[in-house]
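K.L.:
Starting off with a structure, shown below.
The values are calculated or read from the model by the stated rules, or taken from the named source; none is laboratory data. A quick note: this is a predicted structure, and the numbers were derived from the prediction, not measured. Using ideal geometry, Cβ is built from the backbone for each residue, glycine included, and neighbour counts are taken over all protein chains shown. Heavy atoms of the whole protein, side chains included, go into the accessibility calculation; ligands, DNA and RNA do not. Shrake-Rupley method; radii C 1.70, N 1.55, O 1.52, S 1.80 Å.
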Amino acid sequence: MSAEQDRRRWNERYRARSERPESHTRLGEYVHLLRGGRALDLGAGLGRNADLLSGWSVVLVDISDVAMRRATGARVVADAEALPFPESSFETIVCTFFKPPLDLGRFLRPGGTLFLETFTMEDGKYRPDFPPIYRMSGSDVSVLFQGMITVHWEERDDGERVKGVFVGRKV
Ligand SMILES: C[S@@+](CC[C@H](N)C(=O)[O-])C[C@H]1O[C@@H](n2cnc3c(N)ncnc32)[C@H](O)[C@@H]1O
């Protein structure tokens with residue numbers, strides 16, 4: 001799917017949602033493992049993750065201009081594959097329920113951290129209809145971020161969904 005098709009699809013979804021839905025991220029449990037400072041929230045949607053990073057300087061990036069107009073704070077409408085930032089721009093990158101591009105680590109400063117939360121393959125037992133593009137296995141994650149030290153990887157089944165959390169550190 002092209003970036004333009006993604007934008008149209010997500011814009012339609014955000015136009016159809018009048019309320020900001022409750023967040024189900026586990027980011028709050030892992031903030032203590034992340035390096036504070038300037039952070040990028042990639043595929044930020046309505047900006048719910050930034051609420052959990054109080055005191056940080058968070059830049060939200062999303063391909064949906066509709067979502068970015070509704071969010072607050074520093075926001076950039078951009079495709080994750082063509083981010084308009086120089087290398088080593090951020091202390092931390094947060095990415096929840098969006099598959100990031102392969103070379104995301106280059107936007108982190110040395111020692112910077114990445115928080116990724118994703119639905120995993122096991123989640124298929126609850127939601128066989130859910131698009132597989134939003135699912136990653138532990139091995140997908142280690143291939144995607146092979147240049148990083150794994151600080152934490154965990155897969156958790158809450159009885160309704162199966163989600164994985166990866167925290168990595170750039171060497
Ligand atoms: C499942 S939502 C997650 C939103 C938010 N991270 C959260 O947890 O509430 C995925 C988000 O990724 C954005 N997205 C999809 N494709 C994108 C792309 N190519 N570049 C940047 N953002 C994209 C969508 O607009 C959407 O807001």
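K.L.:
Residues 91, 81, 117: which one is open to solvent by 20 Å² or more (accessible area, probe 1.4 Å) and either within 14 Å of the ligand (Cβ to nearest atom) or over 20 Å from residue 40 (Cα atoms) (or both)? First the steps, then the outcome.
P.N.:
Numbers: 91 fails: either within 14 Å of the ligand (Cβ to nearest atom) or over 20 Å from residue 40 (Cα atoms) (or both); 117 fails: open to solvent by 20 Å² or more (accessible area, probe 1.4 Å).
The match here is 81.
K.L.:
Collect the residues in the range 36-46 that are in contact with a Leu (Cβ under 9 Å, 6 or more places away or on another chain) and either assigned to a strand (DSSP E or B) or more than 8 Å from the ligand (Cβ to nearest atom) (or both), keeping them in residue-number order.
P.N.:
36, 39, 40, 41, 42
K.L.:
Collect the residues in the range 47-60 that are near the ligand (Cβ under 10 Å from one of its atoms) and open to solvent by less than 20 Å² (accessible area, probe 1.4 Å), keeping them in residue-number order.
P.N.:
47, 49, 60
K.L.:
Of the conditions (1) of a type in the set (D, E, K, R); (2) open to solvent by less than 70 Å² (accessible area, probe 1.4 Å); (3) modelled with pLDDT under 95, residue 170 satisfies every one except a single condition; which number is it?
P.N.:
(3)
K.L.:
How many of the residues making up the range 8-32 are open to solvent by 60 Å² or more (accessible area, probe 1.4 Å) and part of a helix (DSSP H, G or I)? Lay out the reasoning, then the answer.
P.N.:
Initial filter on the range 8-32 (open to solvent by 60 Å² or more (accessible area, probe 1.4 Å)): 8-9, 12-13, 15-20, 22, 24, 29, 32.
Among the residues that remain, those that are also part of a helix (DSSP H, G or I) are: 8-9, 12-13, 15-16, 29, 32.
Residues flagged as open to solvent by 60 Å² or more (accessible area, probe 1.4 Å) and part of a helix (DSSP H, G or I) within the range 8-32 amount to 8.
K.L.:
Only residues that are more than 15 Å from the chain's Cα centre (by Cα) and either hydrophobic (A, V, I, L, M, F, W, C) or at negative phi (or both): list them for the range 78-116, please.
P.N.:
The answer is 82, 84, 85, 86, 87, 89, 106, 109, 110, 112.
K.L.:
Looking at the range 153-165, is at least one residue surrounded by 20 or more Cβ atoms within 10 Å (Cβ to Cβ) and closer than 19 Å to residue 35 by Cβ?
P.N.:
Yes, the range 153-165 contains a residue that is surrounded by 20 or more Cβ atoms within 10 Å (Cβ to Cβ) and closer than 19 Å to residue 35 by Cβ.
K.L.:
Shifting gears a bit: Could you grab me the full set of residues in the range 1-49 that are closer than 22 Å to residue 114 by Cβ and aromatic (Phe, Trp, Tyr)?
P.N.:
30, the sole residue that qualifies.
K.L.:
Continuing with the same structure: Where residues in the range 62-78 are over 17 Å from residue 20 (Cα atoms) and within 9 Å of the ligand (Cβ to nearest atom), which of them is most open to solvent (accessible area, probe 1.4 Å)?
P.N.:
The residue in question is 77.
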